[in-house]
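First comes the structure, then the notes that go with it.
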Amino acid sequence: MTLSLKESMLFCVIFITSFLCLLVTPSIAELERLKHNGEADQPLNFLVIGDWGRKGTYNQSLVAKQMGILAEKQNIDFVINVGDNFYDDGLTGVDDPAFYESFVDIYTAPSLQKPWYSVLGNHDYRGDVEAQLSPILREKDSRWVCLRSFILNAGIVEFFFVDTTPFGDDYFNNPKDNTYDWSGVLPREHYLSNLLEDVESALAQSEATWKIVVGHHTIKTAGHHGNTVELEEQLLPILERNNVDAYINGHDHCLEHIVDLESGIHYLTSGGGSKAWRGDIKPWNPEELKLYYDGQGFMSVQITKNKADIVFYDVFGKVLHTSSIPKDLNPVA
């Protein structure tokens, strides 16, 4: 069959347009899935830390010491790291000495030589993002597991790690003197729509007893940054529709526990890995605000089929707050 000149030109236009769309539009793919193989019938134990990477200063080393002591007592399975890993401007590349100065040489306790499942914070986006995601860092220290967004299957619990920085309008519209590495994110609208679709699909399909979402930015907080409006509008409805048990985050440099009275979702902030903001708290319903501590520290979680026990610790290892979340395995329809 011979095409006319007009038909040939139309075919070329369609082909080129389709090819360009493939180049600029991120593919829609399921979130990468990782699996933690724990001991059967044993509780899952992990620590949560965020906003830490300051080469040991601002009490980072003291927090690390207490984490090591508790991790040994509890024989933790892993650490969840909620971002802002390297201040102030992320890593300059895979050979940046800050990876050793703020991570490898700080969290040295044998009990902390477990996987560190990590997300990126806004300060990490000010550096070379691909460096933190690179397998080269894992070759330097096998603990380091950092992806933009992913799912961790830990048996009775599934964790859904979400890349929250690209949701923030100010990072794009009002970056001030900061430069952000948006490679792999642009065009932003496609990136976010695909991510939200993937998260909703994964949550809806999950058969885990517990569903926990992890991100860097706050959704509900009485702290410095306030609620992240973009996450309230775009991510929160997905969490509520899919019966998420908890949202774990950093960003605010404090320790905090909020229970939403309507949805029942627990909002757990563990952003006290180093520099904290003393006295920076906004009014909040005291029936929902179970803890607000404006100092350094971290959080531990132990989960069984029937309950999740949460404990917050300060820089000296003192218990600040405990909470036990029951799991109703036979909800009334």
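The values are calculated or read from the model by the stated rules, or taken from the named source; none is laboratory data. Owing to the predicted nature of the structure, the values given are computational and were not obtained by experimental measurement. Positions of Cβ are backbone-derived with ideal geometry, glycine not excepted, and every protein chain shown enters the neighbour counts. Quick note on the areas: whole protein, heavy atoms, side chains included, nothing else; ligands and nucleic acids left out. Shrake-Rupley method; radii C 1.70, N 1.55, O 1.52, S 1.80 Å.
Descriptive notes on the structure:
- With K and R counted +1 and D and E -1, the other residues having a Cβ less than 13 Å from that of residue 200 yield a net charge of -2.
- For the chain, the relative contact order works out to 19 percent when only alpha carbon pairs closer than 8 Å and six or more residues apart are counted.
- Residues with amide H under 5 Å from that of residue 85, placed H, sequence gap 5 or more: 121, 124
- Surface accessible to a 1.4 Å probe, residue 241 within the full protein complex, Å²: 140 Å²
- Which of 267, 100 is most accessible, then next, and so on - probe 1.4 Å: 100, 267
- Residue 105-residue 278 pseudo-label distance in nm [points 7 Å out on the Cα-to-Cβ vector]: 2.9 nm
- What you get for region 51-173, charging only the Cβ of Lys and Arg (+1) and of Asp and Glu (-1), is a dipole of about 540 debye around the Cα centre.
- The mean sequence separation of alpha-carbon pairs under 8 Å and at least six residues apart, normalised by the residue count of region 233-293, gives a relative contact order of 35 percent.
- Modelled this way, with points 7 Å down the Cα-to-C-beta line, the labels at residue 182 and residue 42 are 4.6 nm from one another.
- Atom-type composition of the exposed protein surface of the chain places 53 percent of the accessible area on carbon and sulfur (1.4 angstrom probe).
- Folded to 0 to 90 degrees: helix 5-24 orientation relative to the chain principal axis, Cα: 10 degrees
- Surface accessible to a 1.4 Å probe, residue 225 within the full protein complex, Å²: 80 Å²
- Cα-based Rg / Dmax (Å) for region 91-183: 14.6, 44
- Rolling a 1.4 Å probe over the heavy atoms of the protein chains gives region 128-272 an accessible area of 36 Å² per residue.
- Most fluctuating residue given options 39, 72, 240, as computed from a GNM of the chain linking Cα atoms under 10 Å: 39
- Reciprocal mean inverse distance between Cα atoms of region 54-101 - Kirkwood radius, Å: 12.4 Å
- Neighbours of residue 104 by Cβ distance under 9 Å: Lys/Arg scored +1, Asp/Glu scored -1, total -1.
- Residue-count net charge about residue 42 - beta-carbon cut-off 12 Å; Lys, Arg +1, Asp, Glu -1: -2
- Per-q log10 I(q)/I(0), region 189-252, q = 0.29 Å⁻¹ (Debye; single scatterer per alpha-carbon; no solvent): -1.34
- Considering only beta bridges that DSSP places wholly inside the chain, some 55 percent are antiparallel.
- Accessible area of residue 148 in the full protein assembly, 1.4 Å probe (Å², nearest 10): 40 Å²
- Classified by the C-alpha gyration tensor, region 270-333 has an oblate form. Its axis ratio a/c, with a ≥ b ≥ c, is 1.5 or above, and a/b does not exceed b/c.
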